[in-house]
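Inspection log for the structure reproduced underneath, given as structure tokens.
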Amino acid sequence: MRDRWSSRTIFLFATIGSAVGLGNIWRFPYLTYKFGGGAFLLPYLIALIIIGIPLLIMEFALGQKFQQGIVGTFSKINLRLEGLGIATVMLCFFVVSYYAVVMAWALIYFFRSLHMTLPWTGIANSYFADKVLMQSQNIETISSINPLLLLGLIVVWMLIYFSIWKGVNSVGKILKVLIPVPGILLVIMLIRGLTLDGAMIGIYHYLKPSWNALLSTEIWIAAASQIFFTLSLGFGVMIAYASYNKKNENLNQDALITAVANSSISLFAGFVVFSILGYMATSTGVSVDTVVASGPGLAFVVFPQAISMMPWAPLFAALFFLMLITLGIDSAFSMVEGVTTVASDKFKISTEIVALVVCVFAFIAGVIFTTDAGIYFLDIVDHFLTEFGLILMGIFQSIAVGWIFGAEKLREFMNSVSSWQIGKWWNVSIKYIIPISLSLLFVSQFFAEIKSNYGDYPSWAITMGWLTVFIPFAIIVYYAIKSRKSIIQSS
Ligand code: TRP
């Protein structure tokens, strides 16, 4: 018997927990600020409706219908699609191997917050590079592993392992903590943020609409890729999660709830981030534009610095990093579940063992990111996987469903189990709009990429980045053209 979620609420906790992660804190607020403030919400909403929700419904429907992870699902649709499943699982594995390292940074910061004065006060920038990462000059200089980071990574992997080791049963229990805790912390941070001097200036910069921005193509690209990333699409994670539902769960609504909850939390997080940035700018007498940042620079440099200027700094630093950890860890373990689901479909061994093997291997794969050149590797792998690898999977997955399985067939299934009936527009979205818009996204990013040398890294490093895209691609092609006979023999 397949494992089942203990309730519909727990399933929704799991999907929301996966979707809400670092991207909601360090990507969405920054993109909004950068691409037209309030005006960005328009392309964002459009991308949500025509790409995000249809793809999420598609993943839920596949998982529920086929009752398997992504490899089993796509090979049931057509054996030649098995490679698409395998490639996706590989990507998922690599992403979680560095996502866990970011969690380890947060863990280190959390423990270092527990002091009377924050150790990075006034030196947040060099503190991150020298005292946390022990960063080397450049990617070519790798001399040692950072023992503290390695220890942090081991702890993170233990947290992940013990969240998932009993499959969806243990996941369900842990989510009862991992959903409310960061929610409460976010509210506390918002109240703190809004009561600081300059908060309103920050928020003004966050949402001040500049409608002209809508005329640039960049803003539409940013919106589409953010939607894709924030809903955890294209990893097979949502397929895996939905495969633990009974076949007849109300999936259309569940997708809608997940999407709305995730975007609301993003919008909310923006208020937290920008009220505190506004405070920092005001108290140092600079403009918000000079303090704003995204990615690790926001969470591990600018924010720690801003917090160090507030009253009760250590308390709020600890709360902030606890929030990052609790928000991120359920995204991290959902990726692991994407992999373990596939492995336990295939090999009939206990979940505990499968999960252990996956966690140990992903930990080992992540050790490179704990070296002194680790951040450079992390930056490159993240760039290529999220800007290209994932989008490619999204293109293939929507084509596979839209054209090979048949969009209409899947739509009939979805509607037969759901109370909210999806119209024929969904077929158009899956067959045309999604593959075309994601392909445009891919091509435009590709040209931008070859024009500039990403991060000024040496060419071997860039080649390595491209390999993370080409190897999965080659696997997809190989399985697709392998003759029927050999496919049947090998399975
Ligand atoms: N949605 C997560 C975030 O916003 C990140 C993410 C992208 C993810 N793809 C995923 C998480 C797949 C889990 C599975 O931070």
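Some notes on this structure:
- Relative packing of 465-477, 33-45, which averages over residues the other C-beta atoms within 10 Å, highest first: 33-45, 465-477
- Most tightly packed first, judged by the mean number of other beta-carbon atoms within 10 Å of their residues, the peptides 429-435, 49-55, 326-332 read 326-332, 49-55, 429-435.
- Cβ-derived FRET efficiency at R0 25 Å, residue 477 paired with residue 445, nearest 0.05: 0.75
- Inter-centroid distance (Cα atoms) of segment 129-180 relative to segment 74-90, Å: 29
- Helices meeting the span-like rule in the chain (full DSSP H runs, Cα extent of at least 30 Å along the helix axis, mean Kyte-Doolittle score of -1.0 or higher): 82-113, 251-284, 313-346, 459-481.
- Carbon/sulfur fraction of accessible area - segment 1-137, other protein chains in place, 1.4 Å, %: 64
- Share of carbon and sulfur in the accessible area of segment 219-271 stands at 72%, probe radius 1.4 Å.
- Between segment 1-19 and segment 396-455, the alpha-carbon center distance in angstrom: 24
- Amide proton proximity set for residue 371, modelled H, under 5 Å, gap of 5+: 146
- Rolling a 1.4 Å probe over the protein heavy atoms gives the chain an accessible area of 39 Å² per residue.
- Where GluC sites (Glu not before Pro) fall in DSSP loop in segment 399-491, at most 12 other Cβ within 10 Å: none
- Pairwise centroid distance, computed over Cα atoms, of segment 328-369 with segment 94-109, Å: 15
- Mean Cα-pair separation over length for the chain, i.e. relative contact order, pairs under 8 Å, 6 or more apart, %: 34
- Per-residue [θ]222 nm for the chain (sum of -39500 (n - 2.57) over DSSP H runs n ≥ 4, rounded to 500): -22000 deg cm²/dmol
The values are calculated or read from the model by the stated rules, or taken from the named source; none is laboratory data. Treat the numbers as computed from the prediction; the structure is a model and nothing was measured. Quick reminder, even Gly has a Cβ in these numbers, built from the backbone with ideal geometry, and neighbours come from all protein chains shown. All accessible areas refer to the heavy atoms of the entire protein, side chains included, with ligands and DNA or RNA removed. Shrake-Rupley method; radii C 1.70, N 1.55, O 1.52, S 1.80 Å.
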